[in-house]
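Every number here is computed from the coordinates shown, using simple stated rules; none is lab data. Here the structure is a predicted model, which is why all the values come from computation and not from measurement. Cβ placement follows ideal geometry from the backbone for every residue including glycine, while neighbour counts extend to all protein chains displayed.
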Amino acid sequence: MRLKTLLLGGSLLCSTLVWAQNEKTIKGKIDMKTLMNDPSTTWFYKGVNDYQPNENMLNYIKSNRSNFNMVVVMGTWDDASKNVVPALYKVMITGGSPDEQIVMFAADQKLQTDAPVDYKVKKLPTIIVFKDGKEEGRIVGTPKESVEADLCRILLNSSKKDKDTKEN
């Protein structure tokens with residue numbers, strides 16, 4: 001009995017390790033088409049289709065979509081990235097933002113991306129929001145509320161800073 005339990009446990013452990021090693025890791029600059037079409041990233045297509053963003057926040061993002069760009073550092077092997085990145089793309093697609101507004105880099109398990117700039121990423125995914133080439137904010141790991149809520153918060157703070165600068 002004890003030997004059977006030990007063998008079963010060992011078999012499960014080995015099969016888990018083999019499955020994890022077979023998961024494809026993409027590294028470097030990637031785009032939405034890569035994630036949509038690569039057989040190892042079926043989670044992306046499903047996540048985009050399943051995510052339902054908040055309409056009010058989506059409207060705010062739509063009205064400000066020309067004011068910002070993003071750099072996303074994610075991992076095709078990372079569970080948080082598999083949840084957050086499809087949600088981000090659903091928000092951006094539904095918000096009418098062109099794919100060119102997002103530059104995305106896939107990182108390996110050591111957080112190496114081959115990006116031309118060191119974005120000082122410590123956790124995946126990291127979404128960096130830029131306005132006029134200046135970083136305005138980040139969503140790191142799992143959003144505090146939701147992708148669209150956190151993105152709206154960054155855009156609102158940026159608008160407030162712009163307004164305060166103009167008044168002074």
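GluC sites (Glu not before Pro), restricted to segment 78-162: which are DSSP loop and have at most 16 other Cβ atoms within 10 Å?
Details: sites: Glu100, Glu135, Glu136, Glu145, Glu148; in loops: Glu145.
The qualifying sites are Glu145.
Greater than 19 Å separation of Cα atoms is the criterion. Which listed pairs, Lys122/Lys161; Lys131/Lys160; Lys90/Lys120; Lys24/Lys144; Lys123/Lys160, meet it? Kindly include the intermediate steps, with their values, before the conclusion.
Numbers: Lys122/Lys161 26 Å; Lys131/Lys160 13 Å; Lys90/Lys120 26 Å; Lys24/Lys144 29 Å; Lys123/Lys160 28 Å.
Over 19 Å apart, Cα to Cα: Lys122/Lys161; Lys90/Lys120; Lys24/Lys144; Lys123/Lys160.
Under 5 Å between amide H atoms, partner at least 5 residues away or on a different chain: which partners does Gly75 have, H built in plane at 1.01 Å?
Residues meeting the amide H criterion: Ser81, Ala107.
Take Asn54, project a point 7 Å from its Cα along the Cβ direction, then tell me which residues of segment 130-148 have their backbone nitrogen under 19 Å from it.
The answer is 137-148, whose backbone nitrogens lie closer than 19 Å to the label point.
Taking amide H positions as placed 1.01 Å from N in the peptide plane, with prolines and chain starts having none, which residues 5 or more places from Gly137, or on another chain, fall under 5 Å of its amide H?
Close amide H contacts, sequence-distant or interchain: Val129.
Cα atoms only: what Rg and Dmax, in Å, come out for segment 51-160?
Expressed in Å, the Cα Rg and Dmax of segment 51-160 come to 13.1, 38.
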